[in-house]
Amino acid sequence: MSYFYGLKLMKEAVLIKLPFTSLPLLLQTLSRKSRDMETKNYSSSTSGFILLGLSSNPQLQKPLFAIFLIMYLVTVVGNVLIILAIYSDPRLHTPMYFFLSNLSFTDICFTTAIVPKMLVNFLSETNVISYVGCLVQMYVFMAFGNTDSYLLASMAIDRLVAICNPLHYDVVMNPRHYLLMLLGSCSISHLHSLFRVLLMSHLSFCASHVIKHFFCDTQPVLKLSCSDTSSNQMVVMTETLAVIVTPFLCIIFSYLRIIVTVLRIPSAAGKWKAFSTCGSHLTAVSLFYGSIIYVYFRPLSVYSVVRDRVATVMYTVVTPMLNPFIYSLRNKDMKRGLKKLRDRIYW
C-alpha cells in the first residue's frame, strides 16, 4: 500500500483543517480588542493602517503589479504541479516527497497571505488594510512561514536517516513518525503565531498609522506603537528566536552528520551520489534562512524597512516561486513524475 493512499484523510486534516482551527479564537479576540480600542478614542490606526508598499512612485505601480502577478502565478502553478506530480506517481510516495508536497502547499498559503493584497494596493490609491485584517495577515504569514522552516528541518532529518542509517530508514521514517513530524510542525508554528498576534493586539497605536512596508510584518507594526513594546521585543529575542532557531540548528546538525558520513565513503562517485541528494534542499535552506536571518535577527532600533525590502521579497515571494524549480530541475524522480503528470493531462 502506498504512503499516500492509507493516509489520505489524515493528510487532508493536517493540511487543510489544522492551520485554521485557531482562527475563530483569533478573530473573536481581535474584534473585541478593536472595539475596546475604539471606545478609548485611540487614533484611526486602530481601525485601519496604510501600507506604504514597495514604491511610492506612481509610474512604477503598474510594472510592479505585472511583475508580482507573474511571480505569484508561477508560484501557485509550480507548487500545484509539484503536489499533483507527487500524488499521481506511486514511486514518489516516500517521506521526502511527502514533506516536499506539504512544503509546496505551505508555500502557496505563505505567498497568498501577502501577494494578493500587494497586487490590489498597486492599483489602489488608498492602500488601506483594516486593523483586524492586518493582524490576521500577520498571523497567517508567521504561521506558514514557521511551518516552512520546520518542514525544511524534517526534510533534513529524512536525508540524515537515508544517508547515515539507510538500513533502518523504513523503520525510522515510517508513516506514523513522519505524520507526527508534520503535525508537530503545524502545531508549534500556529500556536507561536497566535501567541505573537495576541501580544500585538494589546498594543496601542496613537501616532502615525502608516506601515512602511508592503505587508503587516511584526517589526514595522511595532515601530508604530505608542505602547511599551519591550515585552514584544523580549518575546522576539527569546521565544521567537527559539522557535526559528530550533529547526535551523536541526538542519545544521543533520548536515554535519551527513558530511562526516559521506567523507568516510571511499569512492568519489559514492560521495557525489550522496551529496547530490541534498543539493536541492541545501539551496532552498540557504535562500530561506539567509534572508530571514538578515531581516529579523537585529534589534528594533537598527531595523530599516527600506534597506530590508529586497531581503523580505526574497523569502516571501522569490523563494516560494523558485522552490518548484529547485526541486525539479536536477531531480530525476521529480522530472519523471512531472512527465507522467503531463502525459495524463494530454491523454
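Taking a point 7 Å out from the Cα of residue 126 in the direction of its Cβ, the residues of the range 214-243 whose backbone N falls within less than 19 Å of it are 214-216. The residue list 242, 193, 270 was ranked by how far each Cα lies along the charge dipole of the range 51-346 toward its positive end, using unit charges on Cβ atoms, and 270 comes out on top. Amide H contacts for residue 173 (H built 1.01 Å from N in the peptide plane; partners 5 or more residues away or on another chain; cut-off under 5 Å): none found. Gain on full extension, evaluated as 0.36 nm per residue between residue 67 and residue 198 minus their Cα-Cα distance, stands at 43.7 nm.
Applying the Karplus relation 6.51 cos²θ - 1.76 cosθ + 1.60 with θ = phi - 60° to the range 175-185 yields 3J(HN,Hα) values of x, 5, 5, 6, 5, 5, 4, 5, 4, x, 4 Hz, where x marks Gly and Pro. Its Cα centre serving as origin, the range 51-346 has a Cβ charge dipole (Lys and Arg +1, Asp and Glu -1) of approximately 960 debye.
Could you sort 105, 144 by accessible area so the largest value comes first, with the probe set to 1.4 Å?
Values: 105 50, 144 10 Å².
Of 105, 144, the descending order of accessible area is 105, 144.
Taken per residue, the accessible surface of the range 63-149 reaches 32 Å², heavy atoms only and a 1.4 Å probe.
What do the square roots of 5 times the Cα gyration tensor eigenvalues come to for the range 51-346, in whole Å, largest first, as semi-axes of the equivalent ellipsoid? Walk me through the numbers before you get to the answer.
Details: eigenvalues 259, 107, 54 Å².
Over the Cα atoms of the range 51-346, the ellipsoid semi-axes are 36, 23, 16 Å.
Given a cut-off of 32 Å, name the pairs among 117/332; 117/223; 212/332; 273/339 whose C-alpha atoms lie farther apart than that in the structure shown. Too far apart for the 32 Å limit: 117/332; 212/332. Computed over protein heavy atoms with a 1.4 Å probe, the carbon and sulfur contribution to the accessible area of the range 129-244 reaches 70%. Take every pair of alpha-carbon atoms less than 8 Å apart whose residues are at least six positions apart; their mean separation over the length of the range 51-346 yields a relative contact order of 29 percent.
The values are calculated or read from the model by the stated rules, or taken from the named source; none is laboratory data. Just so it is clear, the structure is predicted and the values come from calculations on it, not from any experiment. Methodologically, a virtual Cβ is constructed for each residue, glycine included, from the backbone with ideal geometry; neighbour enumeration extends over all protein chains shown. In case anyone asks, the SASA skips ligands and DNA or RNA and just uses the protein heavy atoms, side chains included. Shrake-Rupley method; radii C 1.70, N 1.55, O 1.52, S 1.80 Å.
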